[in-house]
Structures are given as C-alpha cells and as structure tokens.
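Heads up: the structure comes next, in structure tokens.
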Amino acid sequence: MYQKPLLEETISFLTPSERKQEGIQFHERYSLSIYRILIVLFIGLILQWYLFDYRFALLFGLFVLFLSISSEVFMKLFYGFSGRDATKYYAIKIYENPSEKNLKQLNSWNKNPFDLTTEYYYPRIGEIVEKSKQKNDRAEYVQSEIPDALRLIERRERDDYHTLVNINELDEQNINAYYEDLLKEVNYCYKFGAYTSVSMLLRKLTENLIEDILLTKGLYAELPKEPKFQEMVTVFVDEVLKKEYDGRIAEDLEESLDKWIRKKGNKGAHIPESFTQDEIQELMSHAQKTVRFLITIRSDLNVSKHKPEDGTE
C-alpha cells in the first residue's frame, strides 16, 4: 500500500539550516512592507521630476533600483540562502500547514527569474501549483500532491540517497548489477512509501543472498527441492552462523530473518493489512544489519554471481 507521509529524514534533508530559515523569514517580513516602501519611493520619484527635471528623476529611479537589487543580493548572501532553499522551505511549510500564505510564498519563490530554460526552479512543484488553480481548496490540494515532488527532489539532490545500504560503499564487496538494482529498488520504494513492496523486496534480497552462500558452501543440496525461505534460514543459521560466528550474532540475525524479514514479507504478500511507518522503519533497521552481514559473508566466499535462473551452478 502506498503511503503519502514524508519520512522524517526527507523533511530534515530538505529543510534549510537555521540561519537560512532566519534569512527567509526576514525576507518574508521585508516583503510585507515592500508595497508601502514602493508607494513612498514612487511619490519621491514624482517629486524629483516636479522639483528638478526628468534626468534627475531618472538618476533617482536608477539609484532606487540599484539599492533594491543590492539589498536583495546582500540579504541572500548574508544569510546564505537561495531561491531553491526558499522553495523547499515553503514546500515543507505547506506540507505541514496548508495555508494560502504558504502557497503564495511557495509559488513566488519557485519562479526563477534568472533561468531562461524554465520558469521554475522545480517544474514539478510549479505544475502542482498550476493545477491547484482548478481546485476549490488550493492549499489542501498542493499539500496532498507535494510529497512525491519532494521525494524526487531529495533523490536528485542527495548524494547519499539510501536507507538500507549505500551502494557506493559496496564497491569492494563483489556485488553484481543484480544486487545493486535490487538494493536500489528497496531504497526507492522505502523513500516513496511503497511499504508493501519494501517488505517483499527485503525477503527476496535476503533469500537470494542466503541461497548464494549455501550454494557456495555446498549446503544447498541438504535442502528439499524448491525449498521454502524458512528452510533455507534454518540451514543457514544451524550450519553457518552457529558454527562460524559468535552465538549472540547468530541469535540476533536469526531473529531478524525469521521474526522481521520472513514474517513481514509474508504479511506484505498475503495479509490485507497496511504497514505503519513505525513498523516499516523497525523492519528496515533489522534488515540493514542483516543485509550488510550477508553481503560480507557472500563477498568473503568470493561468490561471483547469483544463481542462474535455470537452477544450474
């Protein structure tokens, strides 16, 4: 089942630093009085024209324009925020509080005046805001649609976009493209709230890793034909973990494999019941240490590839 709420780690990544937030909030307060300032400046411009001549008024106008642009640039440099930072800030704000004020700020900041190739810093957010004009509750519509846009932004901008295992850390672990793709699928589904898919992919991932280990150690032949996952786990725990590793490690991994990965995989495949965010986070926590351990064992055994589809070695 697809889950709309954002993960806390996604919100944390997209939220600007405290100093940037101070600058964005200061700019918001400054913007509230800008119309009054413009009226005063316009009156001053007319007086300059009337009391002196058009050239003096023109110089005064250019000075005011330079002053306003300089103050805008100085403000952003002083607080260190950009238009993209402000857009993400108000996107999170409207996700947490769907008000017309936050929607207005989001739309205003997302328009990038310096990029000639696109009107928006984030076109997907711009598309959502444009579609909201056809809705009665604009802010609520944007709130409901913006999580996916924010997840895509995180995926594009985050160097360490992972939760289960960082693929870049596995360069020396003899992991082939099959496992890299599978790990990326788990990460992607978790970030996007596809928790049922996460539960089944974790079971598939660990089952394939255990199968590789048992095949390499010559233990796969002890299993029945087309063995169940639980039968594979039993042989793996009894013949590998308990014989070659510390008893505490064997107990922890056996619990993770049976209570969490196997049973939650069964739930995802067979039980018409949704996963909660807390439940799936606990599953990911257990799976993280288990998958890392299995990958290390597999790498130490120098397994060159996953078992072929036809079952031959």
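What follows is calculated from the coordinates using simple rules that are stated; it is not laboratory data. Owing to the predicted nature of the structure, the values given are computational and were not obtained by experimental measurement. Cβ atoms come from the backbone with ideal geometry, glycine included; neighbour counts cover every protein chain shown.
Side notes on the structure shown:
- Both radii come from the Cα set of the range 167-300: Rg as radius of gyration, Rh as Kirkwood radius; their ratio Rg/Rh reads 0.95.
- Linear extension gain, K104 paired with L152, 0.36 nm per residue minus alpha-carbon span: 15.1 nm
- Taking amide H as placed 1.01 Å from N in the peptide plane, A194 has its amide H under 5 Å from the amide H of Q3, each at least 5 places away in sequence or on another chain.
- The range 227-292: C-alpha gyration tensor shape, a/c 1.5 cut-off, then a/b vs b/c: oblate
- Modelled label positions at R248 and E127, each set 7 Å beyond Cα in the direction of Cβ, lie 5.1 nm from each other.
- For K111, the aspartates and glutamates whose Cα comes closer than 18 Å to its Cα, not counting residues fewer than 8 places off in the same chain, are E28, E72, D85, E100, E119, E127, E130.
- Highest-first arrangement of 177-188, 83-94, where packing means the average Cβ count within 10 Å: 83-94, 177-188
- With each label modelled as a point 7 angstrom along the Cα→C-beta vector, the V73-K135 pair spans 3.8 nm.
- Cα shape, the range 146-205, gyration tensor, a/c 1.5 rule: oblate
- Taking Cα centre as origin and charging only the Cβ of basic (Lys, Arg, +1) and acidic (Asp, Glu, -1) residues, the dipole magnitude of the range 116-223 rounds to 500 debye.
- Cut-off 12 Å between beta-carbons: net charge of the residues surrounding I280, Lys and Arg +1, Asp and Glu -1: 0
- Using the Cβ-Cβ distance between Y178 and S17 with R0 = 45 Å, the FRET efficiency computed as 1/(1 + (r/R0)^6) comes to roughly 0.70.
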